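The values are calculated or read from the model by the stated rules, or taken from the named source; none is laboratory data. Since the structure is predicted, the reported quantities are computational estimates derived from the model, not experimental observations. Cβ placement follows ideal geometry from the backbone for every residue including glycine, while neighbour counts extend to all protein chains displayed. Areas reflect the complete protein model, heavy atoms only, side chains present, ligands, DNA and RNA absent. Shrake-Rupley method; radii C 1.70, N 1.55, O 1.52, S 1.80 Å.
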Amino acid sequence: MLQQTRVAAVIPYYERFLKRFPDPAALAGAPEDEVLTLWSGLGYYSRARNLQKAARRIVALGAFPRTHDEIRELAGVGAYTAAAVASIAFGLPHAVVDGNVRRVIARITGGLGESQIFADMLLDRRNPSRSNQALMELGAVVCVPRDPKCGECPIAAQCEARKAGTQNDLPGKRAKPATIHLKRNLLLINQPFEGASVGARLGEFRHAITHRNYLFTVHEARVRVAPKGFRWVSCKDIDEISLATTAKKGLRCSIGV
């Protein structure tokens, strides 16, 4: 849930999710619609689907995998997550590289070190859990992006960036993708009707996803029958289904959900 989502926003979702799905078996056996409903509002729904796929894999295995390679095979688990779980949960010697670690290494090496290789060199193999968490914490609390607290850093004497006075310049900024402006129509279909038609304009709203800025125009619409795979939902039951943020914004234009 924390992938590209702030901690403060995640906490209530996390608590509700664990209350409903206290173990992998509960999550594995749940209907996907229910999983997505509890995820609704966090966005990036592929994370929820992958989490359920991972739960089903864990149930099939009979227990959570205990090797780095097996953890890496779980749906949605990348190099960072696999290394973090392997080292912190099982004490396996795999170095974690996140944004904080990448920044620390860039400054220590003066921008010349490859992050994963250098992280592997720094890892304390006797206690990889503590080693990984310490390096991540160093980047999060001391070696911060702007105005790093070099006077508090326990490895300041070994930092090439500090020696050169370039700590505020490293790591180099990645080029941001150009903002893309897009327009979309959103149809609010609130009753069956003989024939299909687009009705009155109900309003519009803006919505941003990374570097894409959307302008949605909301229209009332009617259809003869619900398309295959769709079903009618009463307004009073809206909270019981998974809705994307854009769908919720569109509904506010009409029924104030």
Original post:
Out of segment 131-162, which residues are more than 30 Å from the chain's Cα centre (by Cα), over 29 Å from Leu92 (Cα atoms) and in contact (Cβ under 8 Å) with a residue 12 or more places away in the chain?
Top reply: Cys150, Glu160, Ala161, Arg162
Original post:
Got at least one residue in segment 92-101 being among the charged types (D, E, K, R) and either part of a helix (DSSP H, G or I) or in contact with a strand residue (DSSP E or B) (Cβ under 6 Å, 6 or more places away or on another chain) (or both)?
Top reply: no
Subject >> Criterion violated by Phe64 - all others in (1) farther than 22 Å from Gly29 by Cα; (2) hydrophobic (A, V, I, L, M, F, W, C); (3) not in a helix (DSSP H, G or I) satisfied >> reply: (1)
Original post:
Any chance segment 31-47 includes a residue that's of a type in the set (Val, Ile, Thr), crowded, with 16+ Cβ neighbours inside 10 Å and within 23 Å of Asp237 (Cβ to Cβ)?
Top reply: yes
Original post:
What number of residues within segment 214-232 satisfy the criterion of being surrounded by 11 or more Cβ atoms within 10 Å (Cβ to Cβ) and closer than 25 Å to Leu182 by Cβ?
Top reply: 9
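The rows are residues; the columns are (1) of a type in the set (A, V, I, L, M); (2) within 28 Å of His207 (Cβ to Cβ).
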position: Thr5; (1), (2): no, yes
position: Ala9; (1), (2): yes, yes
position: Phe21; (1), (2): no, no
position: Ala55; (1), (2): yes, no
position: Ala79; (1), (2): yes, no
position: Ile88; (1), (2): yes, no
**OP:** Residue by residue through segment 11-62, note down the ones that are at pLDDT 95 or above and on the phi > 0 side of the Ramachandran plot.
**Re:** Gly62
Original post:
Is at least one residue of segment 98-107 open to solvent by 20 Å² or more (accessible area, probe 1.4 Å) and more than 30 Å from Asn168 (Cα to Cα)?
Top reply: no
Original post:
Within segment 233-257, how many residues turn out to be open to solvent by 70 Å² or more (accessible area, probe 1.4 Å) and within 22 Å of His207 (Cβ to Cβ)?
Top reply: 4
Original post:
Which of (1) under 25 Å from Gly43 (Cα atoms); (2) assigned to a strand (DSSP E or B); (3) hydrophobic (A, V, I, L, M, F, W, C) is the odd one out, the single condition Val233 does not satisfy?
Top reply: (2)
Subject >> Tally of residues being part of a helix (DSSP H, G or I), open to solvent by less than 40 Å² (accessible area, probe 1.4 Å) and within 17 Å of Val85 (Cα to Cα) across segment 115-133 >> reply: 5
**OP:** Considering only residues that are out of contact with any helix residue (DSSP H, G or I) (no Cβ under 6 Å at 6 or more places or on another chain) and touching a residue at least 40 places away in the same chain (Cβ under 8 Å), look in segment 62-88 and name the one that is nearest to Asp120 (Cα to Cα).
**Re:** Ala83
**OP:** For segment 109-117, indicate whether the set of residues that are of a type in the set (Val, Ile, Thr) and farther than 23 Å from Gln3 by Cα is non-empty.
**Re:** yes
**OP:** Residues being part of a loop (DSSP other than H, G, I, E, B) and at pLDDT 90 or above: count how many of those fall in segment 179-230.
**Re:** 1
Original post:
Could you give every pair whose Cβ atoms fall below 7 Å, whose first residue belongs to segment 1-21 and is closer than 20 Å to Ala140 by Cβ, and whose second residue is open to solvent by less than 50 Å² (accessible area, probe 1.4 Å) and modelled with pLDDT under 90, counting only separations of at least 6 or pairs across chains?
Top reply: Met1/Leu42; Thr5/Leu42
